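The values are calculated or read from the model by the stated rules, or taken from the named source; none is laboratory data. Keep in mind that what you see is a predicted model, and the values were worked out from it rather than measured. Glycine also receives a Cβ, built like all others from the backbone with ideal geometry; neighbour counts cover every protein chain displayed. The protein model used for the area step is the full one, side chains on, heavy atoms only, and it has no ligands, DNA or RNA in it. Shrake-Rupley method; radii C 1.70, N 1.55, O 1.52, S 1.80 Å.
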Amino acid sequence: MNLKKQKLIRLTLSYIAIAIMFSIILYPVAWIIGSSFNPGQSLSGSSIIPKNATLSHYKELFDLEQSNYLIWYWNSLKVSLSTMALTVLMVSLTAYAFSRYRFVGRKNGLMTFLILQMIPNFAALIAIFVLALVTDLLDTHLGLILVYVGGQIPMNTWLMKGYLDTIPKELDESAKMDGAGHFRIFFQIVMPLAKPIIAVVALFSFIAPFADFIIASILLRSEEKYTLPVALYDMVAKQFGAEFTTFAAGSVLIAIPIAGLFLYFQKYFVSGLTAGGTKG
């Protein structure tokens, strides 16, 4: 078998594998999108390509007299954006300190973060609930944001520290020679060079709370304070109100801010990859 035929076979097998993976990933997405346009509320008669497509479920979601969907959407955006902003700030400062400074307890602190990132938040649900109850943060968005930020710090600190270690420390020393202080070096020199990893941390810290159900369902009690995952689950969990197709429409709309944020940060992902590839 000649080299050209071998290359053709490998290429064909690669495309087949990619097609299979795409089918596995896109099938449930296509099903949920199709269900959102199906008339009625039952999934038993739904199909990927609806015969009598309708926008009634989307109209129902945006009708404030029939649904609090817009309120829930705003709650999710508020919690996720606040978590993203606080996480990026806290992680940047923490990772910068671990990367640039040498102090007592540095290694133990890094090891603690390594251990903490192995423990998922839902493993400490009882402790989180009791802590929120004691601090009077139960059924508040502030309590939910603080829990999310605390859970994001360990993993993202390790992630950002590894990136900051690749930025030459000679830049810091040059800036100090010119009279720059620590905060000026941090904000004007190091952070602009760390945009790719900041984009990664921002994206991760936005997606996690926007799609989280377990912690939000434990801390939030009032319907008007629900985030989207909790509210949509409540929509299909009612004993006499299983609105599955409306649930599908609401689920489709969840993907819009996540996709938009990913597309916005994509340029930083690409610049980070090319910068790492050409660095000599």
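Tabulated values for the structure
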quantity: Residue among L116, L93 that alone is under 27 Å from G260 (Cα atoms) and open to solvent by 40 Å² or more (accessible area, probe 1.4 Å); calculated: L93
quantity: Near pairs, Cβ below 9 angstrom, 6+ apart or cross-chain, from region 140-165 (free of Cβ contacts under 8 Å to residues at least 12 places away in the same chain) to any residue that is assigned to a helix (DSSP H, G or I) and among the small types (G, A, S); calculated: L142/S82; L146/A132; G162/A95; G162/S99
quantity: Among the residues listed as I198, I207, I189, the single one being in contact with a Leu (Cβ under 6 Å, 6 or more places away or on another chain) and farther than 16 Å from I218 by Cβ; calculated: I189
quantity: Residue that is surrounded by the fewest Cβ atoms within 10 Å (Cβ to Cβ), among those in region 119-146 that are modelled with pLDDT of 90 or more and outside any helix (DSSP H, G or I); calculated: D136
quantity: Close pairs (6 angstrom Cβ cut-off, 6 or more residues apart or separate chains): open to solvent by less than 40 Å² (accessible area, probe 1.4 Å) in region 202-227, aromatic (F, W, Y) anywhere; calculated: L203/F265; P209/Y148; L220/Y226; Y226/W72
quantity: In region 160-185, the residues that are under 30 Å from I115 (Cβ atoms), open to solvent by less than 70 Å² (accessible area, probe 1.4 Å) and part of a helix (DSSP H, G or I); calculated: M160, K161, G162, Y163, L164, D172
quantity: Search result, residues across region 123-136 that are in contact (Cβ under 8 Å) with a residue 60 or more places away in the chain and not β-branched (V, I, T); calculated: L125, F129, A132
